[in-house]
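Below is one structure, written out as structure tokens; the observations come after it.
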């Protein structure tokens, strides 16, 4: 009896001290049952609404459109016994959230926080990154991964591999994103069934990708000064890469012009929204980048900057000792950052030391929106 009383007193004391809420605890792994329960809830709600005529999507799947959500089902009419194969959430009236509280217009950060995350910097390749991988067959396996172009996530997929009598059932939640905000959500319990060998191959590929570190997004609550390792435009290293890497990343240029420059040559390369100037010797060999200018979302700049990024979001990725003028450093010797207002916009310059030279990252803003990224010696 005494032990029971002590336990109650301790529990009450912990509550008074303020235990972390359930929302603050680490998210649990997704389950197939979780997805089925969500779809069943939407079916119950749909049955209380006016009946709608089924439609067919581009892939031939039948769905019932209720405005802010769709239910996928092969039946001609929905009933309490209908087998709902998937649910889709999109903008269309009321903004709905899924079983993890994520819906259209949710931010990428909110999405990442709703599931387990063991790869906070999203290390991987420029095109893909694994968020987490838990478990091993023949037991249940959970995985999350993203498809992206650099720091812009295009698709986030959370999957659970559940072994069963007929093979491995793969349930998936797929989030399509636009400018790192959720656009649509597709919840598909038991989306497909694969063999154990197929599942092993998929999981092995994700495990290998989780070990990749070719590319990572810039994440820091206490950012440091712009440095040599930041000077990249997507997969292109401004300091060390040349024309071959530019062509590999951007394809053949729309413009390719040579001009004499003293004892050497300048080569001006142009793509849609991207300009590069390279310097060559007198025999047009040993080219090196001298300038990169980006004026569209075609390519991201240092620290994942993109045209159309908001001013405050950009400034938050660098030190900021002052609000205006000299942001950090002395404004003369690299590293430093400066801020100057220009009528309807702002002109921000960050300087990074590279060996015995200085590289300038110049950012032009109009109406608090990034419109041009330029990197030059």
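The values are calculated or read from the model by the stated rules, or taken from the named source; none is laboratory data. Keep in mind that what you see is a predicted model, and the values were worked out from it rather than measured. Methodologically, a virtual Cβ is constructed for each residue, glycine included, from the backbone with ideal geometry; neighbour enumeration extends over all protein chains shown.
Miscellaneous remarks
- Search result, residues across the stretch 332-353 that are at positive phi and at pLDDT 95 or above: none
- Answer residue from the stretch 215-244, given it is more than 23 Å from residue 353 (Cβ to Cβ) and without any contact (Cβ under 8 Å) to a residue 40 or more places away in the chain and is surrounded by the fewest Cβ atoms within 10 Å (Cβ to Cβ) among those: 221
- Flag if residue 174 is in contact (Cβ under 8 Å) with a residue 12 or more places away in the chain and out of contact with any helix residue (DSSP H, G or I) (no Cβ under 9 Å at 6 or more places or on another chain): yes
- Extreme residue, surrounded by the fewest Cβ atoms within 10 Å (Cβ to Cβ), among residues of the stretch 354-366 that are at pLDDT 95 or above and more than 14 Å from residue 238 (Cβ to Cβ): 366
- Only one entry in 303, 228 is in contact with a strand residue (DSSP E or B) (Cβ under 8 Å, 6 or more places away or on another chain) and closer than 30 Å to residue 331 by Cβ, namely 228.
- When the stretch 83-109 is filtered for residues that are within 14 Å of the chain's Cα centre (by Cα) and surrounded by 16 or more Cβ atoms within 10 Å (Cβ to Cβ), the ones remaining, listed by number, are 106, 108.
- Top-ranked residue in the stretch 50-65 [being out of contact with any helix residue (DSSP H, G or I) (no Cβ under 8 Å at 6 or more places or on another chain) and closer than 16 Å to residue 92 by Cα; ranked as surrounded by the most Cβ atoms within 10 Å (Cβ to Cβ)]: 63
- The stretch 343-353, subset more than 22 Å from residue 289 (Cα to Cα) and in contact with a strand residue (DSSP E or B) (Cβ under 8 Å, 6 or more places away or on another chain), residue surrounded by the fewest Cβ atoms within 10 Å (Cβ to Cβ): 344
- Test for residue 274: is it within 30 Å of residue 73 (Cβ to Cβ) and either touching a strand residue (DSSP E or B) at 6+ places or on another chain (Cβ under 7 Å) or buried (at least 17 other Cβ atoms within 10 Å of the Cβ) (or both): no
- Test result for residue 37, surrounded by 11 or more Cβ atoms within 10 Å (Cβ to Cβ), at pLDDT 95 or above and more than 16 Å from residue 186 (Cβ to Cβ): yes
- The selection criterion, being under 28 Å from residue 149 (Cα atoms) and either surrounded by 14 or more Cβ atoms within 10 Å (Cβ to Cβ) or touching a helix residue (DSSP H, G or I) at 6+ places or on another chain (Cβ under 7 Å) (or both), does not hold for residue 80.
- Taking the stretch 248-312 as the region of interest, the strands (runs of 3 or more DSSP E) fully inside it that hold 2 or more residues being within 19 Å of residue 230 (Cβ to Cβ) and modelled with pLDDT of 95 or more are 274-280, 288-294.
- In the stretch 330-341, the residues that are surrounded by 18 or more Cβ atoms within 10 Å (Cβ to Cβ) and not in a strand (DSSP E or B): 334, 335
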